[in-house]
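Report on the following structure.
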Amino acid sequence: MTLSTAQANFGLEELANIDGGIKNKGKHNENSMTEKLMGAYEGIVYDKNLGYLTHTLNSEIDNSLYSYFTKNKIEYSEQDISDLVEYANVNDFDKKDVFGFGAYVGSLISMLTEKNEKLGKHTIIEIPENHLDYLGNKCEKFDVVKIGVNYGSGAFAGARKGNLLYVEDCKGNLFAYGAGTRGGNIKMIIGTNVSGDDFAYCAGRESGNIGAIVGVNVSGLSFADYAGNDDGKIGKILKNSRKADIEYNKIVDELNKEYNLGLQQVKVREPIECGES
């Protein structure tokens with residue numbers, strides 16, 4: 001990331017004046033990584049009351065966070081991001097800043113993914129059970145994200161580039177809404193046992209590119225509707241069919257070999273009379 005002088009200084013003075021950390025319920029210790037990550041959120045995102053309403057602000061805050069973490073030698077892991085989500089879920093942080101906190105999580109994932117890419121490492125993020133809205137909103141880059149038992153809405157809406165977004169056992173609307181748009185590129189968006197409207201709605205639009213959108217045992221309106229519109233490209237869209245089951249099992253086998261995710265295959269539906277293969 002390249003930083004202007006204004007971006008490098010944005011929010012750092014305020015962070016230096018944080019004097020006790022976050023005083024909310026939940027398990028955390030002074031100087032713990034959760035405390036440090038919440039301090040960055042409050043100092044740069046929430047206190048500024050900017051949210052992530054435009055791509056310009058999103059980029060500005062991303063650069064400010066990168067500068068802050070570099071200056072203070074803060075190195076966090078995939079598990080630290082999961083712990084942060086768990087802590088925020090207990091404390092209802094999305095109710096204070098519905099877009100900002102979710103997008104902050106997306107920024108953390110993006111920065112860690114870029115760092116690990118340079119080291120030749122995968123970045124596998126497992127989002128724990130939660131009811132938060134807009135987690136990962138506008139995430140610029142991810143490797144593998146696995147979302148399980150989410151009762152919020154809008155997870156990874158507007159996420160732009162990544163390998164796998166896997167949503168399992170979730171109930172909510174707008175998962176991956178608009179993901180991979182505006183020149184974005186996502187290899188696979190998969191939903192299994194998901195109920196809610198607008199899953200991957202408008203994904204891959206405006207010159208975006210998505211290899212596959214697969215839904216197994218998904219319900220709700222507008223699954224992948226308008227995906228690939230406006231010069232976007234979608235390799236395949238499969239939902240609740242024998243063909244989707246077979247494709248899903250092939251993908252799961254490949255993912256388990258590459259990432260060791262431990263995903264379970266599904267029972268393939270019986271052929272129907274029209275000759276579906």
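No lab work stands behind these numbers, since they all come straight from the coordinates. What you see is a predicted model, and the numbers here were worked out from it, not measured in a lab. Glycine gets a Cβ as well: all are built from the backbone with ideal geometry, and neighbour counts include every protein chain shown.
Here are the numbers for this structure:
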| read-out | value |
| --- | --- |
| Per-peptide average of other Cβ atoms within 10 Å, ordering 159-168, 245-254 highest first | 159-168, 245-254 |
| Rough spin-label spacing in nm, given labels placed 7 Å along Cα→Cβ, for Lys257 and Leu119 | 2.7 nm |
| Calculated FRET value between Tyr226 and Ile74, using beta carbons and R₀ = 35 Å, to 0.05 | 0.30 |
| Relative packing of 180-193, 67-80, which averages over residues the other C-beta atoms within 10 Å, highest first | 180-193, 67-80 |
| In nm, spacing of pseudo-spin labels at Ser82 and Ser241 (7 Å Cα→C-beta vector) | 3.5 nm |
